[in-house]
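So the structure is just underneath, and the comments pick up after that.
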Amino acid sequence: MKKRLIIMLSLILVLSALSAAAFADNGKHKGKDKKAKKFELGIEVLLDDQKELIEGKRVGLITNPTGVDQELNSIVDLLHNDPEVELTALYGPEHGVRGSAQAGEYVEFYTDEKTGLPVYSLYGATKKPTPEMLENVDVLLFDIQDVGTRFYTYIYTMAYAMEAAKENDIPFIVLDRPNPLGGTEVEGPVLETPYKSFVGNYEIPLRHGMTVGELAKLFNEEFKIGADLTVVKMKGWKRDMLYDETGLQFVMPSPNMPTLDTALVYPGAALIEGTNVSEGRGTTKPFELIGAPFINADNLAQQLNSLNLKGVSFRAASFTPSISKHAGKLSHGIQIHITDPDEFEPVKTGLHIVKSIHDLYPEDFAFRAEDSRGISFFDQLIGNGWVRDAIEEGKSVEWIESQWKDELKDFTKVRKDYLMY
């Protein structure tokens with residue numbers, strides 16, 4: 001009897017423990033689900049709350065590997081496998097829908113192996129969708145992660161597609177995503193019209209502080225595109241959030257944008273692309289590693305650290321790029337280490353790097369050659385010709401910044417009308 005009582009009590013204790021664990025686990029999952037719903041991407045809001053925008057319509061989708069939900073499911077697969085959605089065509093920006101092409105590499109028309117859908121390139125010879133590309137489309141969707149910098153080509157792919165949508169009477173929907181640099185700070189010169197190109201097609205500053213959806217609204221109104229535009233807002237995003245504060249995984253927007261730190265330094269470090277110095281392409285730290293065979297790494301790091309720039313420090317570094325400038329040659333320079341992302345000023349930092357190398361190595365440093373119009377690639381990146389002249393004339397970075405202050409202030413006034421968060 002005593003033995004039976006002990007067994008019964010043991011069973012009761014085990015069952016109680018299991019019930020408590022199940023309750024705790026259930027509560028934990030409920031809390032997790034509730035927490036996950038505090039933040040939603042545009043793609044998630046579309047499928048959860050605004051699916052009527054695409055139901056019963058033939059959908060064309062402009063995307064790349066960054067077009068994923070919070071569980072990293074591709075928007076291509078989500079739409080293709082949804083019985084209520086008819087996905088009919090895919091369109092790829094620079095680097096392609098699957099992100100397999102290097103910078104500047106043209107991707108031919110092909111059929112997507114996974115879905116069997118036609119894939120049209122919007123980079124190279126055809127930047128704007130043609131009427132033939134849109135024959136089987138009732139609505140165009142755009143879902144690509146931007147990096148918050150004027151000279152990243154995806155936002156101009158979006159703008160050209162908006163023009164095509166307008167010309168072919170097709171509604172255009174942008175599924176919004178966070179600006180990895182946050183949405184509060186703007187920095188750098190506003191693009192001057194003569195310097196427009198595919199790395200800067202509208203008069204906005206280098207660091208614009210807007211989401212891709214907000215940019216779409218600004219492009220549509222201020223630059224008279226006039227598309228039938230809908231922006232599906234995120235839920236739970238705040239302007240002061242950097243990307244790592246959203247809880248999202250960072251998916252490479254392009255082959256040379258591997259980490260969030262790359263995106264943070266990019267608005268300034270990418271100015272090196274307009275010179276004969278390597279920006280670190282062909283290394284594991286593109287745009288964080290900067291150097292050339294003619295640089296003394298210790299001297300450059302010491303010079304830059306002596307400036308006491310906000311939120312950043314510089315380490316003397318040597319590397320051998322596998323591609324691009326100085327490929328296969330041992331190069332010396334610096335690695336950029338961000339110490340405080342909130343304080344870091346990428347454009348100012350990038351200009352100091354360019355100016356320091358120019359001043360330390362005047363016989364070896366060079367800006368990229370001018371074209372027939374007298375415009376260098378550096379000019380296209382910075383958005384004008386006078387900054388290059390100022391560096392060559394020995395003007396300070398502080399003087400350079402003072403010259404764009406008024407135009408930047410004017411832009412921030414216009415920008416306010418298009419902020420959604």
Practice prompt. Out of the residues in the range 228-257 that are among the acidic types (D, E) and in contact (Cβ under 8 Å) with a residue 24 or more places away in the chain, state the one that is farthest from G209 (Cα to Cα).
Written response: D228
Worksheet item: Hey, does the range 167-176 have a residue that's surrounded by fewer than 24 Cβ atoms within 10 Å (Cβ to Cβ) and within 22 Å of D379 (Cβ to Cβ)?
Response: no
Worksheet item: List the pairs whose first member sits in the range 81-95 and is on the phi > 0 side of the Ramachandran plot and of a type in the set (S, T, N, Q), whose second member is assigned to a loop (DSSP other than H, G, I, E, B) and surrounded by fewer than 24 Cβ atoms within 10 Å (Cβ to Cβ), and whose Cβ atoms are under 9 Å apart, counting only residues at least 6 apart or on separate chains?
Response: none
Discussion item. For the range 275-294, check the following and say yes or no: at least one residue is open to solvent by 10 Å² or more (accessible area, probe 1.4 Å), under 19 Å from P341 (Cα atoms) and not in a loop (DSSP other than H, G, I, E, B).
Written reply: yes
Worksheet item: Out of the range 112-142, which residues are without any contact (Cβ under 8 Å) to a residue 12 or more places away in the chain and open to solvent by 80 Å² or more (accessible area, probe 1.4 Å)?
Response: E113, E132, E135
Item to complete: Residue by residue through the range 213-252, note down the ones that are of a type in the set (D, E, K, R) and not in a loop (DSSP other than H, G, I, E, B).
Response: E214, K217, E221, E222, K235, D244, E245
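The values are calculated or read from the model by the stated rules, or taken from the named source; none is laboratory data. These numbers were taken from a predicted model, which means no experiment stands behind them. As a convention, Cβ positions derive from the backbone with ideal geometry for all residues, glycine included, and neighbour counts pool all protein chains shown. Each accessible area value is taken on the protein alone, full model and side chains, heavy atoms only, with ligands, DNA and RNA left out. Shrake-Rupley method; radii C 1.70, N 1.55, O 1.52, S 1.80 Å.
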